[in-house]
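The values are calculated or read from the model by the stated rules, or taken from the named source; none is laboratory data. All values derive from a computational prediction rather than experimental measurement. Note that each Cβ is placed from the backbone with ideal geometry, even for glycine, and that neighbours are counted across all protein chains shown. Just the protein is used for accessible areas: all its heavy atoms, side chains included, with ligands, DNA and RNA removed. Shrake-Rupley method; radii C 1.70, N 1.55, O 1.52, S 1.80 Å.
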Amino acid sequence: MTENSTREERFAHGLEVLRTVDGEAGQRVIDSLSDISPELGHQIVAWGFGEIYSRPQLAPRDRQLVTLGMLTALGGCEPQLEVHINLSLNVGLTPEQIVEALMHAAGYCGFPKSLNATFVAKKVFAERGLLPVGEQPAPDATSA
């Protein structure tokens, strides 16, 4: 995207990025804002995914590690953490890597926040049939 891109072009690009990494889950979040703050939904897509997330300097899996750490440290972001744990799995992080990132966060933001984030991960993993962690086959390293 360029500085001269239109509002609609930025949104379309962001929506393409969002759908690529998050499938329908991200769209459901945007749709849930349509009757209260469609502009917030637009900004999440156009700016958050079209301008920031799509930058080439970090791979999507690396962006997700940063996001998991930030949402864990902030606390009170469990609904967003659920979306981003799913997204993390979609972009190639394993359950073990996600759990390790959340445990690593405990040293920087405390056990309560790390525990809350880990329980969100447990919910996501259960929904996706990925429990118990550590007993799933490793993904093919060439596909990540």
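With contacts taken as Cα pairs under 8 Å and at least 6 residues apart, the chain reaches a relative contact order of 20 percent. Compactness of the chain is given as radius of gyration and Dmax, 15.9, 50 Å, from Cα positions. Sorting the segments 107-116, 20-29, 59-68 by their mean number of nearby beta carbons within 10 angstrom, highest to lowest, gives 59-68, 20-29, 107-116. Volume per residue for the range 55-119 equals 78 cubic angstrom (convex hull of Cα atoms). Rounded to whole numbers, the Karplus 3J(HN,Hα) couplings from phi for the range 39-50 are 5, 4, x, 4, 5, 4, 6, 5, 8, x, 9, x Hz, using 6.51 cos²θ - 1.76 cosθ + 1.60 with θ = phi - 60°, and x at Gly and Pro. Separation of the range 1-68 and the range 76-96, taken as the distance between their Cα centroids, equals 16 angstrom. Between 0 and 90 degrees, the angle of helix 111-127 with respect to the longest Cα principal axis of the chain falls at about 80 degrees. What number, rounded to the nearest 500 deg cm²/dmol, is the helix-based mean residue ellipticity at 222 nm of the chain, given -39500 (n - 2.57) per DSSP H run of at least four residues and division by all its residues? Using -39500 (n - 2.57) per qualifying helix, the result is -21000 deg cm²/dmol.
The accessible-area ordering, largest first, of the residues Ile98, Ile44 stands as Ile44, Ile98, per a 1.4 angstrom probe.
Helix 78-90 and the longest principal axis of the C-alpha atoms of the chain enclose an angle of approximately 90°.
In order along the range 27-34, the Karplus-derived 3J(HN,Hα) couplings, from 6.51 cos²θ - 1.76 cosθ + 1.60 at θ = phi - 60°, round to 4, 4, 5, 4, 4, 5, 8, 4 Hz, and Gly and Pro are given as x.
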